[in-house]
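Down below is the structure, laid out as C-alpha cells.
The values are calculated or read from the model by the stated rules, or taken from the named source; none is laboratory data. Since this is a predicted model, take the numbers as computed values, not measurements. Note that we place each Cβ from the backbone using ideal geometry, even for glycine, and neighbour counts take in every protein chain shown. To get the accessible areas, we keep the full protein, side chains included, count just its heavy atoms, and leave off ligands, DNA and RNA. Shrake-Rupley method; radii C 1.70, N 1.55, O 1.52, S 1.80 Å.
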Amino acid sequence: MPAFFHHLSEVLYQVLECVGVNPWVVDRRRHTFLHKEAAWDVDNHQQGLDTTTFHFGSQSEGTTTPGLQSDTDLLWTLIGFNIMFSWADWQQGRSNLLMVREEDTPPQHYLLQRISSVIPQPVTHIHLPGYVTDSQGRVFYSNMAVVRLAAAQWGDEHMRHGPSNSPSEDWDFVMAFYCKTLPSEIMSWFIRMQHGYWPSQETLQAARRCGCFLVPVGHHGSVNQDIEWRITPNLIERLLMFSLNMVPMKCLVILKMLKKQEFVKYINCQNCKFTTFHCKTALFTTLHKTQPTVWIKSRLIECIVMCLQTILEFLNQGEFPHFIVEGVDLFDGKLCRECQLSLEQAIQGMIEDDMNVLFHLQSDDLGQRLKARHEVRPYPGDDVSAGICGMLAKDMFELYLKGLRPTCSRLCNNDAADVITSLNNEITLLEDLAVNPRATQYDTNNMKFIVKYLMSVKASVTSSSCIQSGDPLPQDIWQLYGESLNTDVASSKLKLASMHYCRGELRRAESVLNEVEFDLDDSVQPLCGCGIEPYDNKLSKAFCEYTVQNYSHEQLTKKLAFCVRFLREEKFCAPRLLWCEMYRAVGDDVDHRSVQEHEWMDWAQVDAQPFLLYLQYLTYRGLGVRHRQLEAFHGLEGIVTSAGKLNQLYHWETVCNLFGHCCELEGDIQRALCVYNKSLLLRPRNNAANWHKQRLELLLNI
C-alpha cells in the first residue's frame, strides 16, 4: 500500500466523524430505533393489532449519512400464524403453516403449507383469501396476499420492491413471518464460522438464539414465484453490525458512497443493480478472513481496498455468496455477467489509481471535505452530528405522540366516567407490561412515558367533570397532576395552569405559568403528534446541540414542548374560546379531512408557546395586572404578525384565533375580524375562525 495511505486514512476517519459516522451518532441511531420499535409495538397494541416491529438497515445500524439519503426499513411480523419448521412445532388452535421445500424450490425459499388447527394434518380444502391449492390438493399461503393487503391500504401510492410494499420511496415496509427455528442453510453458517477471525464466539453464541424471517417474495425465475417465501436472517445481521467498531462502520459507509456514485456508472442493463447488501456482505466476508489488527484508524483506506478486492474476487468468479445463508448467489437476478465484467474493470481501476476516487465523492461533500482536511484548511459546516442527533430525538418523540392519537380518538365523545374507566384500564395494562420480565429497557421507557401522558389526560378529564358539576376536586387529583407534569417541559403544566384559570384560581395559574415561562428558552423544541409539519420545520440549533450530550428520555423531555391537547371531555379545563376548536367543522368540512385529521380535529390543539402567552393574557387580565397583560398581548401579536414565527407553528390557524380573541377583549373588533380572516386564508375549512367571523359580522351589523 502507498505510504501516504496512513495519513490519508487518519484524515478520512476524521471527515467521516464530521458527517455523522462517529460513536455518539451511531449510538443515538441505535438507541432511537430500538425505542421506536418499542413505540410501534405499543401503538399496534393500542389499536388491537397483534404484531411485533423491527427496524433494520442503515438508519438503525448507524451506517448512513444525510447525503446518502437512506430509506427507513421497517419489518412487521404477522404473529397470528404459527410457523412450523417441523411437525414438532404444531400448535393446537393456531393457524399453522409448515415450511416446505420441493426438489425445484430455489435456494433460500420455502412454501408455506396450511396445517389444521385441530389435528396435525394438512388442510386439503380452504376457501379463505390468500390461499392457493396445487395439483396434489395441498393448500399454500400465497405471498400475494400481503401484496394485496398493502395495495388495499395504500392504493395508488403502493410501491413494491422485492419483499417491500410501501407508500413512499423513503420507507421499506416488509410484512413477514417469524420462525424461531433456524433452518439448515443458516445453521451450517455456524460451522463455517469456526475458522476465521470474525465474528467472535460470544457473538456466534448470541446469534444461535436468533430466529429468522420469511418475507413475501419468490425467486425471480421460479414457476412458483407467487407462493414462495424467502428466509432472511435479519436479526443475525443486525447482531453482527452492532458488534463492529468504527473502522469497519466507516469502511461500509465509503463502500455505499462508491456504490451510489461510481459503481452505478458501469452497470448498463436496466434490471441490473449492485446493492447496499452486496457492500455489507463484502465487508462481512473481509472481516472474517482478515486479522483484527488490520482494522485500525491509520489503515482505513487499506481496509476499504481489501473490501473492494473481495468484491473483485466475487466478480472474477461470477458468484457472490451470501455470508450467512448457504447456497445463495447474490448476483442471481441482480447483476448479469456483462455488468459484472464492466464493474470488475472499474473497481480494478480505482485501486490502481491509489483510490483517488475518494477525492471526488459527492455525498455529504465528502471529496471536498477530504481535500480541505488533507490540505489543512477549514471547511464550512464541518460538523453535522448535532443536526442528526436533534432529528433523531424529534422523530422518536413524534412517533410516541402519533401513537397516542388512536387512543385519544377512541376516548373522544364519550361520557367522562367511561373515559376515566378506559384510561384506568389502559394505564393498568401498560404498567403491568412495563414490569413484565420480557419487557426491554426500551419497552419500559416507552410505556412509562405513555402512562405519564394518559395520567395528564385523566387528571384533566376528572377536573373538567368536577368544574362542570360544581363539585370539589378529589384529594388524589394533585398526585395525578404531579405524576404527569414531566411528560415534557410545557404541555402538562399548561393544562394544569388552564385548569386553575377555569376554576378562578388565578394566583395558582400565574405561579404555574411563570414556571413554564422560565423553562421555555431557545433550546426548547416544539413538537406535535398530529402528523402535520410546520412550513418551516428547521430544528432549533440550541436543541440539536443539547441532544448530542443528552439523549435519555428524562433529559430530552426537558427540552421538548408538545402541543397542548384538550379532548372534548376536558373542555371545562380549557378557556372557552378553545371549545370552538373542538367543533370547528362548518357545513361539509368533515368530508374534507384527511385520515389523520379525522383523528384529532375534534380536539383543541395549540402550540405551547403561544398558548402560554394567551393564558398569561387571560390570567393577568383577571388579576388586573395591566402591564403583564400587555406584555402577553404583544408577545402573541409578535408571533401572528411575523411570517417567520407563524411558519414555525403546527397549529398556526388556532394561534391566530387566540390572538383574534385578545383583540376582541381589547375592544378592537375590526382588527379581530382581520385576524380571523388571516386565519381563514391559511386554512379555509375546518377552522373555528368561521364561527368567530360570523359572530363578529353579526355584532357589527347590529
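When you look at Gly196, is it part of a loop (DSSP other than H, G, I, E, B) and over 24 Å from Leu98 (Cβ atoms), yes or no? The answer is yes for Gly196. Within the range 260-284, being buried (at least 21 other Cβ atoms within 10 Å of the Cβ) and under 22 Å from Ser9 (Cα atoms) holds for Phe263, Cys279, Lys280, Ala282, Leu283, Phe284. The numbered conditions (1) part of a loop (DSSP other than H, G, I, E, B); (2) within 27 Å of Asp332 (Cα to Cα); (3) not hydrophobic (A, V, I, L, M, F, W, C) are all true for Ser117 except (2). Take Lys558 and tell me if it is surrounded by fewer than 19 Cβ atoms within 10 Å (Cβ to Cβ), touching a helix residue (DSSP H, G or I) at 6+ places or on another chain (Cβ under 9 Å) and among the basic types (Lys, Arg). Yes, satisfied.
Scanning the range 587-612 for residues that are free of Cβ contacts under 8 Å to residues at least 40 places away in the same chain, at negative phi and over 30 Å from the mean Cα position of the chain (by Cα) returns a single hit, Asp588. Out of everything in the range 65-93 that is open to solvent by 30 Å² or more (accessible area, probe 1.4 Å) and part of a strand (DSSP E or B), what residue ends up being nearest to Ser116 (Cα to Cα)? Step by step, filter the range 65-93, then rank; the result is Phe81.
Inside the range 569-586, can you point out the residues that are more than 32 Å from the chain's Cα centre (by Cα) and open to solvent by 30 Å² or more (accessible area, probe 1.4 Å)? Walk me through how you get there before you give the answer.
Let us first name the residues in the range 569-586 that are more than 32 Å from the chain's Cα centre (by Cα), namely 572-573, 575-577, 579-580, 586.
Listed by number, the residues that qualify are Phe572, Arg576, Trp579, Cys580, Val586.
One residue is enough: does the range 514-523 have a residue meeting the conditions on the phi < 0 side of the Ramachandran plot, open to solvent by less than 30 Å² (accessible area, probe 1.4 Å) and in a helix (DSSP H, G or I)? Looking for residues that are on the phi < 0 side of the Ramachandran plot, open to solvent by less than 30 Å² (accessible area, probe 1.4 Å) and in a helix (DSSP H, G or I), one finds at least one in the range 514-523, hence yes.
Restricting to the range 308-332, and then to whatever is open to solvent by 40 Å² or more (accessible area, probe 1.4 Å) and closer than 19 Å to Cys251 by Cβ, can you tell me which residue is farthest from the chain's Cα centre (by Cα)? Checking each candidate, the answer is Glu313. Of the residues that make up the range 138-161, is at least one modelled with pLDDT of 95 or more, assigned to a strand (DSSP E or B), among the hydroxyl-bearing types (Ser, Thr, Tyr) and surrounded by 15 or more Cβ atoms within 10 Å (Cβ to Cβ)? No, because not a single residue in the range 138-161 is modelled with pLDDT of 95 or more, assigned to a strand (DSSP E or B), among the hydroxyl-bearing types (Ser, Thr, Tyr) and surrounded by 15 or more Cβ atoms within 10 Å (Cβ to Cβ). Within the range 287-330, the residues that satisfy the criterion of being more than 14 Å from Ile351 (Cα to Cα) and of a type in the set (Ser, Thr, Tyr) are Thr290, Thr293, Ser298.
When the range 333-359 is limited to residues that are in contact (Cβ under 8 Å) with a residue 40 or more places away in the chain and open to solvent by 70 Å² or more (accessible area, probe 1.4 Å), the one that is nearest to Ile301 (Cα to Cα) turns out to be Gln345.
Scanning the range 651-692 for residues that are in contact (Cβ under 8 Å) with a residue 40 or more places away in the chain and polar (S, T, N, Q) yields Thr654, Asn657, Asn686, Asn687, Asn690. Pairs meeting the criteria (first residue in the range 227-243 and open to solvent by less than 10 Å² (accessible area, probe 1.4 Å), second residue among the β-branched types (Val, Ile, Thr) and assigned to a strand (DSSP E or B), beta carbons under 7 Å, at least 6 apart or on different chains) are Trp229/Val215. Applying the condition of being open to solvent by less than 20 Å² (accessible area, probe 1.4 Å) and not in a strand (DSSP E or B) to the range 44-57 and asking which residue is farthest from Arg29 (Cα to Cα) yields Gln46. For first residues located in the range 182-203 and on the phi > 0 side of the Ramachandran plot, partners that are surrounded by fewer than 19 Cβ atoms within 10 Å (Cβ to Cβ) and lie 6+ apart or on another chain with Cβ distances below 7 Å form the pairs Gly196/His288; Gly196/Lys289.
Between Pro107, Pro120, Pro129, which is in contact (Cβ under 8 Å) with a residue 60 or more places away in the chain, open to solvent by 40 Å² or more (accessible area, probe 1.4 Å) and farther than 30 Å from Gly387 by Cα? Just one listed residue meets the conditions, Pro107.
Of Val564, Val516, which residue is of a type in the set (Val, Ile, Thr) and touching a Ser or Thr at 6+ places or on another chain (Cβ under 8 Å)?
Numbers: Val516 fails: touching a Ser or Thr at 6+ places or on another chain (Cβ under 8 Å).
Just one listed residue meets the conditions, Val564.
Apart from one condition, Ser465 fits all of (1) open to solvent by less than 10 Å² (accessible area, probe 1.4 Å); (2) more than 28 Å from Thr32 (Cβ to Cβ); the exception is (1).
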